[in-house]
1. Testing the spin-label approximation: label points 7 Å from Cα along Cα→Cβ at residue 271 and residue 80. State their distance in nm.
2. I'd like the distance separating the alpha-carbon centroids of region 118-164 and region 324-362, in whole Å.
3. Stretched out fully, how many nm does the piece from residue 122 to residue 65 gain, at 0.36 nm a residue minus the Cα gap?
4. Given the C-alpha centroids of region 171-206 and region 4-28, what is the distance between them in whole angstrom?
5. What is the P(r) of region 88-188, as percent of Cα-Cα pairs per 5 Å bin from 0?
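Any read-out appearing in this document is the output of simple, stated calculations on the displayed coordinates, not a laboratory observation. Computed from a prediction, not measured in an experiment: that's the story for all the values here. Cβ placement follows ideal geometry from the backbone for every residue including glycine, while neighbour counts extend to all protein chains displayed.
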């Protein structure tokens with residue numbers, strides 16, 4: 001217990017340091033320094049606290065409450081200041097306010113004078129309700145140069161890209177509207193920050209419960225609760241990706257339930273679980289779109305084709321249902337700025353790893369092929385247990401980030417949740433790489449270097465896990481350094497005699513275990 005209190009205090013201090021670091025969006029070098037220190041302290045602190053877990057493991061239901069409080073407390077310093085490294089929360093506040101006025105957020109850009117009555121000094125410090133911007137909402141341009149010009153910021157408002165309508169899907173918009181409905185206008189982004197902090201703490205609670213149900217260490221949920229990216233992008237940044245991570249986690253939990261038999265009642269339960277899984281996956285997709293990859297990890301394709309198709313259909317129907325009201329209100333404008341965003345993001349840092357070896361014309365099709373191949377492999381090999389399903393999701397989300405190399409660290413929030421649930425913490429380095437990519441986005445080679453290093457580390461640790469095999473399952477204290485060393489050794493070619501000697505002890509141990517299990521039956 002003392003370790004948990006001390007570790008929480010250290011992480012609160014780190015969170016407060018981030019909140020008091022000033023404008024990190026405009027000073028990316030300072031952001032890189034702050035986050036590098038924070039990540040180092042978070043890793044050391046979380047490992048130290050988890051080593052004291054045997055004394056706390058018997059605390060039962062009280063354990064879940066402690067995890068929730070440890071996750072919530074570290075979020076609180078971020079609520080005391082405005083978002084430090086991103087201005088997305090101001091757009092969220094605006095979108096919620098526009099919806100409460102009865103207008104579709106996909107129809108008009110924030111600077112459009114038809115929405116002038118909704119302006120306030122928090123969102124529009126240089127433009128009042130009686131002022132005129134002179135900007136009417138216009139169709140999106142087609143060339144990238146024109147799109148970049150249209151997406152530029154305006155000093156009269158804190159909302160980013162104020163000359164284009166919103167990009168966010170309907171479930172995200174519903175979240176913005178719900179928070180705006182209960183938040184006083186003078187609070188600015190505080191309502192969304194508080195809501196995101198509560199969601200992040202709830203995800204930590206759910207992770208602890210799911211790990212405990214599986215017989216794993218529930219204190220591993222601290223890897224999510226104290227992850228610098230989670231703390232910075234939830235309680236302070238208020239990014240809606242934390243809500244997407246929550247939907248993803250719930251979908252994984254629903255998919256990993258067990259069917260008890262083939263009786264009629266059990267079939268109904270199985271069908272209900274399939275529908276619930278599809279519903280939750282659809283809500284995740286309609287929150288941030290990229291969780292669509294999650295569908296490949298929900299059920300093993302080779303044994304549950306009917307269930308896979310049923311879950312997919314429910315997910316698609318859910319997305320269509322939540323888009324329908326906005327389509328009726330905005331028609332063809334329902335996609336908002338999404339087409340322009342895709343053009344805008346086709347910059348020099350996108351798909352950086354593949355760009356090292358491929359011509360520009362081949363990067364996009366190869367990216368699609370790689371993601372499709374990984375999704376197909378996961379869908380074919382994934383099991384039905386919660387760890388297997390979560391591991392498949394972690395591979396999918398991690399591969400998506402490594403292939404596309406985005407410079408937005410909040411995109412990694414679902415990956416962090418899946419990696420913790422799957423107990424595949426090596427994927428957290430991809431979340432760290434996203435932070436470095438964001439901090440160095442204007443220095444072309446650095447984002448690619450960060451993601452390349454993360455990819456290499458993930459590969460080495462994966463090889464190390466395979467090399468250790470049964471020994472890894474028997475020893476929970478195997479560190480990342482040992483896994484990396486084993487991965488490097490696995491890359492060294494071995495002669496047939498060495499391979500036989502290496503596997504001989506494991507074969508003998510396996511034969512001994514089989515003999516011991518068979519002995520009682522012989523007696």
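1. In this crude label model, residue 271 to residue 80 measures out at 5.5 nm.
2. Answer, in whole Å: 20.
3. Taking residue 122 through residue 65 to full extension adds about 16.9 nm, to one decimal.
4. Here the answer is 21 Å between Cα centres.
5. Answer for region 88-188: a P(r) of 2, 13, 25, 26, 20, 10, 3, 1, 0 percent.
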